[in-house]
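Reviewing the structure listed below.
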Amino acid sequence: MKNILFLSLSLFVFALSGFSQPGDAAKAAAPQKAASAETQPGDIAKATLLAHGGDKLKKLQALVTKGSVDMNVFGQSMPGAFSTAVNGDKYYFEINSVAQSLKQVYDGQQTYSSIQGFVLPPLTTLGFPVLQRIGDSGYVITALPELKRKKRGFRITTPEGYYTDFYVDEKTSLLKGYESSYSFGDRTVTTAVEVDETQTVEGLVVPKKYSQRFDLGSITAYATFKTKDIMVNPQMDASAFAIPK
C-alpha cells in the first residue's frame with residue numbers, strides 16, 4: 001500500500017513538474033499507430049505554443065513552482081505539498097505528504113533519489129514540458145489517433161518514443177488537457193490531466209490548477225493540484241542542485 005501511494009505521488013508531480021533533460025529511467029510504452037503527419041496538427045501545435053508564451057516558452061531556462069496537492073487513492077484522501085525547480089538541465093523536485101515523502105535531484109551529471117533504486121523518467125518526455133520542444137528536431141507532431149479525433153488537438157512523440165496527446169480550446173488555443181501512456185517497470189502507466197485554471201507569469205501561461213487521473217492496471221488514483229508560487233528564470237545557486245551526501 002505504501003509503495004503504491006509513493007508511486008502515485010511521485011508520478012503526479014512528474015507529469016507537470018518542469019523543463020530538464022536527465023538520463024532515462026523508464027521505457028516508453030508502444031504508442032498507438034498515429035495518423036500520418038498533416039498540416040492541421042502542426043498548425044494547432046504552433047498556435048498552442050504561441051498561446052502559452054511562444055518564444056518566451058521556447059527560451060525558458062529556469063522555472064520554480066510550489067503548491068499543494070490533494071490526492072485520493074483507494075478512497076483515502078491525502079493532503080500534501082510539492083515544489084520543483086529547474087535550471088537548464090538541472091532540476092530537483094520534492095513531495096511531502098502524510099503518507100510518503102520524496103526528493104529527487106539531478107545536478108547535470110548524476111541523479112539522486114531519496115528512495116534507493118527508484119528514479120523517475122526524464123521530465124521533458126511527457127506532458128506540459130513537451131510544448132517547449134515544438135519545432136525542435138526529432139519531436140514529431142501528428143494528428144490524434146482515430147478514437148480521439150472528435151477533440152481538437154495533436155500528438156507529440158519524442159525522440160525516445162514517448163508520446164503525449166494534447167487537447168486545446170478552439171477559441172484560445174490554450175491547453176484543456178492531455179493524456180500519456182508509458183511503461184514503468186512491468187506496468188503500463190496511463191495518466192490524464194484536465195487544466196482548470198492557468199496563470200500568466202512574465203509572458204508565460206502556465207497551468208495553475210489542474211486535476212489528474214493516474215491509472216496503474218487495477219489501481220486508479222486522483223489528484224488536484226493548486227500551484228501557489230511560479231517563478232520564471234529566477235537566479236539560482238548551483239548548491240540548490242547539489243547531490244545530498
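Do the conditions hold for Lys66, that is, is it assigned to a strand (DSSP E or B), modelled with pLDDT under 85 and out of contact with any Pro (no Cβ under 6 Å at 6 or more places or on another chain)?
Taking the combined requirement at face value, the residue does not satisfy it.
Would you say Thr200 is surrounded by 17 or more Cβ atoms within 10 Å (Cβ to Cβ) and either closer than 25 Å to Gln61 by Cα or touching a residue at least 12 places away in the same chain (Cβ under 8 Å) (or both)?
no
What number goes with the only condition from (1) in contact with a strand residue (DSSP E or B) (Cβ under 6 Å, 6 or more places away or on another chain); (2) within 30 Å of Asp107 (Cβ to Cβ); (3) open to solvent by 80 Å² or more (accessible area, probe 1.4 Å) that Tyr222 does not pass?
For Tyr222, the failing item is (2).
Of the conditions (1) modelled with pLDDT of 85 or more; (2) in a loop (DSSP other than H, G, I, E, B); (3) more than 23 Å from Phe241 (Cβ to Cβ), Ala99 clears all except one; give me its number.
Failed condition: (1).
Listed here are the residues, each with its yes/no results for (1) of a type outside the set (D, E, K, R); (2) open to solvent by 50 Å² or more (accessible area, probe 1.4 Å); (3) farther than 17 Å from Pro129 by Cα.
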site: Lys151; (1), (2), (3): no, yes, yes
site: Thr164; (1), (2), (3): yes, no, no
site: Gly177; (1), (2), (3): yes, no, no
site: Leu216; (1), (2), (3): yes, no, yes
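Looking at Ala143, Ala81, can you tell me which residue is of a type in the set (A, V, I, L, M), modelled with pLDDT of 85 or more and out of contact with any helix residue (DSSP H, G or I) (no Cβ under 7 Å at 6 or more places or on another chain)?
On the way: Ala143 fails: out of contact with any helix residue (DSSP H, G or I) (no Cβ under 7 Å at 6 or more places or on another chain).
Testing whether each residue is of a type in the set (A, V, I, L, M), modelled with pLDDT of 85 or more and out of contact with any helix residue (DSSP H, G or I) (no Cβ under 7 Å at 6 or more places or on another chain) leaves just Ala81.
Using beta carbons and a limit of 8 Å, which pairs, at least six apart or on different chains, have the first residue in the range 209-232 and free of Cβ contacts under 8 Å to residues at least 40 places away in the same chain and at negative phi and the second one surrounded by fewer than 18 Cβ atoms within 10 Å (Cβ to Cβ) and among the polar types (S, T, N, Q)?
Close Cβ pairs satisfying both conditions: Lys209/Thr224; Ser211/Thr224; Arg213/Thr220; Asp215/Thr190.
The values are calculated or read from the model by the stated rules, or taken from the named source; none is laboratory data. Values in this document were obtained by computation on a predicted structure and should not be read as measured data. Here Cβ is always computed from backbone atoms with ideal geometry, including for glycine, and neighbour counts include all displayed protein chains. Remember, those area values only see protein heavy atoms, side chains included, never the ligands or the DNA or RNA. Shrake-Rupley method; radii C 1.70, N 1.55, O 1.52, S 1.80 Å.
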